[in-house]
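Quick notes on the structure that follows.
The values are calculated or read from the model by the stated rules, or taken from the named source; none is laboratory data. The structure displayed is predicted, hence computed values, not measured ones. Quick reminder, even Gly has a Cβ in these numbers, built from the backbone with ideal geometry, and neighbours come from all protein chains shown.
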Amino acid sequence: MKALEMWRKVVITLTFLIVVRATMWGQKIEIGYDKSADFGKFTTYSMVPRTVPATNPMIATIVDNDIEYELNQKGLHKVDRNPDLLVKSYGGGNEVQGGFAAEDPTHAATGGAPMPSANVWGGSLPPVAIPQVMHGSITVDLVDARQNRLVWRGTAKDKMDYEKRSKLLDQANKAIADMFKKYPPTK
């Protein structure tokens, strides 16, 4: 009986650790807000048009639609004039890691001696493809339209895999939903 109880504790502990590790590897959501703002007074919003065209218009449209959905779920209504909040979203790919291995004309990678197949025309190491991983972010700003002051900002950061387009769309949807779980902020 004690062995069974011990195995149960081991399974529960391992399950907990796996869940904790999985959440650590997921999207990173950061929220900041003006602690003096009265979020109860905001009932309407308007989207601020982009000043720079989106590099991926499909994802930008999905992000904007997700933002509108989440704000509507929170009881806010979209208006064309005199909004309480101005909503601006932006983001995209940041740094790219990966590419091709650099050629090694000094043969430093092999201790200064050329590899047997190396010659003066080809170099010592062939360029080898390395998977490219892009880090991207989505930021949503909510600005008090009357005071022209930023009152809330949500940012999501994650790795993006451009070869899996459907995964990008899922990441964008999840990022916006996770951000707005923390709106309005609790004081």
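Computed quantities for the displayed model
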quantity	calculated
Matching residues in segment 137-155 - criterion: being surrounded by fewer than 22 Cβ atoms within 10 Å (Cβ to Cβ) and of a type outside the set (A, V, I, L, M)	S137, T139, D141, D144, R146, Q147, N148, R149, R153, T155
In segment 66-82, residue farthest from the chain's Cα centre (by Cα) [restricted to those that are farther than 16 Å from G154 by Cα and among the basic types (K, R)]	R81
Qualifying residues in segment 156-187 (those that are surrounded by fewer than 18 Cβ atoms within 10 Å (Cβ to Cβ) and of a type in the set (S, T, N, Q)) - the one modelled with the lowest pLDDT	S166
